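Just below is one structure, and these are the notes that go with it.
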Amino acid sequence: MIDGPRFLSVPVRALPVFAGVPTADSLARDQMGHDPVLLHLNECPFPPSPRVVDAICRAAAGVNRYGEPRPAALGAALASKTGIAAGNIVIGNGSDEILGLVCQMALGPGDSAVMPTPSFPRYRIGARMMGAETRLVRILEDGRNDVAGLLKAIDHTTKVVFACTPNNPSGAPLAPDEIRALVEGVPDDVLLVVDEAYYEFDAAEGGTGALDELARRRGPWLSTRTLSKSYAIAGMRVGYGLAGSQAVADGLVRVKLNFNLSRLAVAGAQAALADERYSQECVARVIAERRRLAAGIEGLGFGTLPSRANFVSFDYRANAVPVMAAMAAEGVFIREWRDPGFETFIRITVGLPEENDRALRALGRATALDMGNRETMPG
Ligand SMILES: Cc1ncc(COP(=O)(O)O)c(C=O)c1O
């Protein structure tokens, strides 16, 4: 579909206008009768570490100055955490920015990008923005990326292959041998991008992450991670790319805005990384609550997909929109998957214990109401 004024480039004319989502700020402004429960953005339900808040406050006095284009101390902290050389690390305004930069540096008309679906929308939007073709490979029944399918979709036009582990919105991680199949099967002149936004949750349960396998790859690769989830600073917008070579890191820097990170974000991120215990505690609590939330959903009669992230998804087996709307009317915000072919799936982010209780009660009411409505509908 080509739609929009002539001053927009042809690929941009074909993009949807982001309708926006309810956020902590917009809901506070709405003055709803009850405290909203935000379980639709996969945020951390806990506030940031007090050390992060302190660091941001201290940095505030210096915001008359620009920050560093590639913050050295934060890069060094990420290098020591991940074992990747600082020169191969690019820090972004969220990992969302890094994924968008991948598309900008690698793709143009005539190129294709291979990606799982449903998955994080940036791969698709970023590629289409550049006029590239998107090859969408349906995830498997249990929510894992279909590695064989991704490899089969590659041809001579393919410049980038995206994988996501654990996958959003399904929650399932890839096994090391599946990552190895990508590492070996993606051609040496194609960039392999593994989105590990939920890495810390998987790692806390024994997941190894993609880096060990990626390190064996001959061709170019990038892993993307974020401080939005397990480090509880989504609002600061800090994510990063771990590149297999200087060439990949330099490619990202070529297209990156020079001052893409605020000084507050950099200070907050450094403090968050320095308080690893706080983050690990958040992750452990979220995992415990995720198990309880999944059990509660199963108790309502819906089988959940296996999740190694901070959310739980399930197939409601009927259009999920009325359930989502009924829960939103009670102030509980969840997300229906929306993707074509998956209109019956629902994702619920793990919240605080009392928020999960409220979500389960609201879900029980909303599904009972919806099932009742459908039974009484004519035809
Ligand atoms: C799979 C995945 N990748 C990337 C992101 C982007 O996160 P951020 O831009 O906050 O780092 C998200 C956010 O939800 C995600 O789910």
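The values are calculated or read from the model by the stated rules, or taken from the named source; none is laboratory data. These figures come from a predicted structure and were not determined experimentally. We place every Cβ from the backbone using ideal geometry, glycine too, and count neighbours over all the protein chains shown. All accessible areas refer to the heavy atoms of the entire protein, side chains included, with ligands and DNA or RNA removed. Shrake-Rupley method; radii C 1.70, N 1.55, O 1.52, S 1.80 Å.
LEU174 is checked against (1) crowded, with 23+ Cβ neighbours inside 10 Å; (2) part of a helix (DSSP H, G or I) and fails just one. What number does that condition carry? Unmet condition: (2). Against the criterion of being open to solvent by 50 Å² or more (accessible area, probe 1.4 Å), more than 16 Å from the ligand (Cβ to nearest atom) and assigned by TED's automatic domain parsing to the domain that holds ASN310, VAL17 qualifies.
Would a scan of the range 302-315 turn up a residue that is touching a helix residue (DSSP H, G or I) at 6+ places or on another chain (Cβ under 7 Å) and over 14 Å from LEU39 (Cβ atoms)? Among the residues of the range 302-315, at least one is touching a helix residue (DSSP H, G or I) at 6+ places or on another chain (Cβ under 7 Å) and over 14 Å from LEU39 (Cβ atoms), which makes the answer yes. Put simply, of PRO116, PRO121 the only residue that is at negative phi and free of Cβ contacts under 8 Å to residues at least 40 places away in the same chain is PRO121.
Got a sec? Which of ARG308, ARG338, ARG317 is in a loop (DSSP other than H, G, I, E, B), crowded, with 21+ Cβ neighbours inside 10 Å, of a type in the set (D, E, K, R) and out of contact with any strand residue (DSSP E or B) (no Cβ under 7 Å at 6 or more places or on another chain)? Answer to the selection: ARG308. Report yes if ARG138 is at negative phi, touching a helix residue (DSSP H, G or I) at 6+ places or on another chain (Cβ under 8 Å) and more than 16 Å from the ligand (Cβ to nearest atom), otherwise no. Yes. Scanning the range 145-175 for residues that are within 16 Å of the ligand (Cβ to nearest atom) and under 19 Å from ALA204 (Cβ atoms) yields CYS164, THR165, PRO166, ASN167, ASN168, SER170, GLY171, ALA172, PRO173, LEU174. Remark: pairs (first residue in the range 143-163, over 21 Å from ASP189 (Cβ atoms); second residue among the acidic types (Asp, Glu); Cβ separation under 9 Å; 6+ apart in sequence or on different chains) = ARG144/GLU178; ASN145/GLU178. Suppose the filter is farther than 18 Å from MET105 by Cα, in contact with a strand residue (DSSP E or B) (Cβ under 6 Å, 6 or more places away or on another chain), open to solvent by 20 Å² or more (accessible area, probe 1.4 Å) and not hydrophobic (A, V, I, L, M, F, W, C); does ASP146 pass it? Answer is yes for this residue. In the set (1) surrounded by 18 or more Cβ atoms within 10 Å (Cβ to Cβ); (2) under 22 Å from the mean Cα position of the chain (by Cα), THR158 fails one condition alone, (2).
Within the range 59-100, the residues that satisfy the criterion of being open to solvent by 40 Å² or more (accessible area, probe 1.4 Å) and closer than 23 Å to GLU281 by Cβ are SER80, LYS81.
The single condition among (1) farther than 28 Å from GLN246 by Cβ; (2) within 15 Å of the ligand (Cβ to nearest atom); (3) in contact with a helix residue (DSSP H, G or I) (Cβ under 8 Å, 6 or more places away or on another chain) that GLU133 does not meet is (2).
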